[in-house]
Amino acid sequence: VDESVREDMRKLEDTFPGISDRFRLVNRIGEGTFSTVYKAEDLHYDHYQNDWDIFDKAQQDTYDSPPSKRRRVQGDLSGRKKARFVALKKIYVTSSPLRIQNELELLHDLRGCGSVCPLITAFRYQDQVVAVLPYFPHTDFRIQYRTFMVADMRHYLRSLMTALNSVHEHDILHRDIKPTNFLYNPDLKEGVLVDFGLAERQGSEYTSPCLCTHQSYVRRSRILSSYYSKNPPSAGLSAGYPKNDSRPSRRANRAGTRGFRAPEVLFKCTSQTTKIDMWSVGVILLTLLGRRFPFFNSADDIDAMIEMSSIFGTRRMKTAAAMHGQIFETNIPTIGEKGYSWEKLVKWSSCVEDLTESEEQATRLLSGLMELDPSKRLSAADALQHEFFTNPVH
Ligand code: ADP
Ligand code: MG
């Protein structure tokens, strides 16, 4: 372990009285925007009542080699079966107390949901909060995505969809689905969903409902959008996009990670649903099939819309925008009206001439996930019933 990491771990032990009575910090395993995560050994391991089967299995690796060390660890723990490793998530003090409370509360609500990393407990000392989660050995997505066969994608996605199915059954939006928040263990062919820092309950936005919730408007939006394409709004669009845009802006939750944001998030829909997570799963599948990470690489929301429209074409983007009461216009000459099929995109991206039958099947699932209209997009429950899972071709 790096000396600076050691120093950082000592600092945590010093600022948190008593923490070292219960935990032995092992390493720093994650550093994000909102937290630092450490691997630690829980010295009170035996006190757990819960069933942590999957974590036990995953942690077996830790003891497998070398055997002599295994015995020593067991000896050190004076008769305990095995060491229990945990992830200590130190949430930055810059996070608002409400945000921290929200994360812990949602995790508490989701206890018992398979494939969702459970919360063991949490500690607070002054303004510092540490969440304790069982440690889950996993592989870095950037290393594994290139080697994934379709069968691996199936295991990965089934596990992720299972997690999301339970989260969504609780009417909770994760809002930040991406590879670093889904820890996947290729040996177990299972993963756990982590990081509920941006999660929220569906319908917790205190704004007036979006146009897309009115069924008749959704139908009308198609008519509207064809009207707009014949009569472009006279905003005086010059080349590029306006720098000093004086139009009033709409407020909507846009939390998430660039490249993974659903179209309705970009269009500032005020009635976002659990379907936003399904779009992000689609982006992960696109990354796997297209063998490119990150697949989308936008600097901001406008860039992201441009990337999206170069795939979907302007016609479908206009319809999607109108659905949320927005107008989509672009004068970028390379963006066509029609867009491309997912099959074509997957072939281009992965540089292959033809897709195998199983890749075609996965691509059909992809098109159900990356559907611009959230009401038509597959839910996690729908996706688990997709032929890709229920009737896989090999
Ligand atoms: P942040 O809000 O800072 O993104 P996360 O909860 O996503 O925090 O954790 C950051 C990283 O820490 C994860 O991407 C993962 O690498 C690691 N991590 C988090 N929880 C665990 C866990 N239970 N087991 C193993 N590693 C974890
Ligand atoms: Mg994270």
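The values are calculated or read from the model by the stated rules, or taken from the named source; none is laboratory data. For clarity, every value in this text was computed on a predicted model and none was experimentally measured. We place every Cβ from the backbone using ideal geometry, glycine too, and count neighbours over all the protein chains shown. Just so you know, the surface numbers come from the protein's heavy atoms only, side chains and all, with ligands and any DNA or RNA stripped out. Shrake-Rupley method; radii C 1.70, N 1.55, O 1.52, S 1.80 Å.
Figures for the structure shown
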| item | result |
| --- | --- |
| Contour minus Cα-Cα distance for residue 21 and residue 353 (0.36 nm per residue) | 113.6 nm |
| Listed residue pairs exceeding 22 Å between alpha carbons, taken from 57/90; 39/90; 275/318 | 57/90 |
| Prolate/oblate/rounded call for the stretch 257-394, Cα gyration tensor, a/c under 1.5 rounded | oblate |
| Spin-label pair residue 2/residue 364, simplified geometry with 7 Å Cα→Cβ offset, distance in nm | 4.7 |
| Residues residue 376 and residue 327, FRET efficiency given R0 of 22 Å [Cβ-Cβ distance, rounded to 0.05] | 0.55 |
| Cα gyration tensor, the stretch 299-357 - rounded (a/c under 1.5), prolate or oblate | prolate |
| Whole-Hz couplings from phi, Karplus 6.51/-1.76/1.60, listed for the stretch 102-116; x for Gly and Pro | 4, 4, 5, 5, 5, 4, 5, 4, 8, 4, x, 7, x, 6, 10 |
| Charge dipole (the stretch 255-328, unit charges on Cβ, about Cα centre) - positive-most of 302, 328, 314 | 314 |
| Size of charge dipole - the stretch 94-169 - debye, nearest 20, with Cβ of Lys, Arg +1 and Asp, Glu -1, no other charges | 260 |
| Counting all C-alpha pairs of the stretch 324-392, share separated by more than 17 Å (%) | 57 |
| Amide H partners (placed H, <5 Å) of residue 172, local residues excluded | 202 |
| Which of 99, 124, 377, 158 is most accessible, then next, and so on - probe 1.4 Å | 124, 158, 99, 377 |
| From phi via Karplus (6.51, -1.76, 1.60), per-residue ³J(HN,Hα) for the stretch 9-18 in Hz, x at Gly/Pro | 5, 4, 4, 4, 4, 6, 7, 10, x, x |
